[in-house]
1. What is the chain by shape, rounded, prolate or oblate, if you read a ≥ b ≥ c off the alpha carbon gyration tensor as root eigenvalues and call it rounded for a/c under 1.5, prolate for a/b larger than b/c, and oblate otherwise?
2. What is the local net charge at Ala153, summed over the other residues whose Cβ is closer than 13 Å to its Cβ (Lys, Arg +1; Asp, Glu -1)?
3. Where does the chain land at 222 nm, in deg cm²/dmol rounded to the nearest 500, when only DSSP H runs of n ≥ 4 count, each adding -39500 (n - 2.57), divided by all residues?
4. Can you give the net charge of the other residues whose Cβ lies under 12 Å from the Cβ of Ile183, counting K and R as +1 and D and E as -1?
5. Please report the spacing between the Cα centers of the stretch 67-96 and the stretch 1-47 in Å, no decimals.
Amino acid sequence: FRTSLILAEAGLQQPKTVLIHHQDRAMDAFDRLGSKYPIILKTLTGSLGVGVVKIETEESLSATTQLLHKLDPDMGVLLQEFIVTDFDVRAHVIAGKFYGAIKRPIIKKDFRSNVALGSVPETITLTELEIDHCIQAAKAVDGLWVGVDFIPAKDREKDSPIFIEINATPGTKGYKEATKANIAKDILTTFKDRTTWLKTQPITSIYSERD
């Protein structure tokens, strides 16, 4: 959810997104979303496509949020606009530079495209606009190595991609097979150079001057 706020602040396009604070407010959240069914429901702690549910009706939304909050009363839940597409893209940005990308086709009889769930990735060449926006997205979240997931616009040369997620621990399954690039070796080579490391500022105690 914080990522969606950061991307919005950076002016990058993404699906409409709202946070459900409580199971009893699910319908209010849907109204705030301003979208039609189907919609996407995501738990804030999901990964590899698990924790992402396609919601077709009001009854399904109510029942799903009730179940999730019964399992964990403190579970955070997002609602997102559902965008129809045949594939999405996972782009890797490493040390502030675009590294490469794969096309992830939607899995048959599913709505997700995660390689961990069975999608077979293919190589893809991004447009200059897509590359520029991926770098902007990585920079917005201070990512040293991130997987930037997006749905391409219909006119990829002129229109902005629609960002789905920025992954701080991106999987690389299928990347080497699709692109023939040894991403693990290249990442290690990149970060052997300490100038690529993220430097934190030292914290000065508020008591240091008094002492």
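What follows is calculated from the coordinates using simple rules that are stated; it is not laboratory data. Just so you know, these numbers come straight off a predicted model, no measurement behind them. FYI the Cβ positions are ideal-geometry reconstructions off the backbone, even for glycines, and counts take in every protein chain you see.
1. It is oblate, given that a/c is not under 1.5 and a/b is not larger than b/c.
2. Its environment carries a net charge of -2.
3. Counting only the DSSP helices, I get -8000 deg cm²/dmol.
4. +3
5. What the calculation gives is 9 Å, centre to centre.
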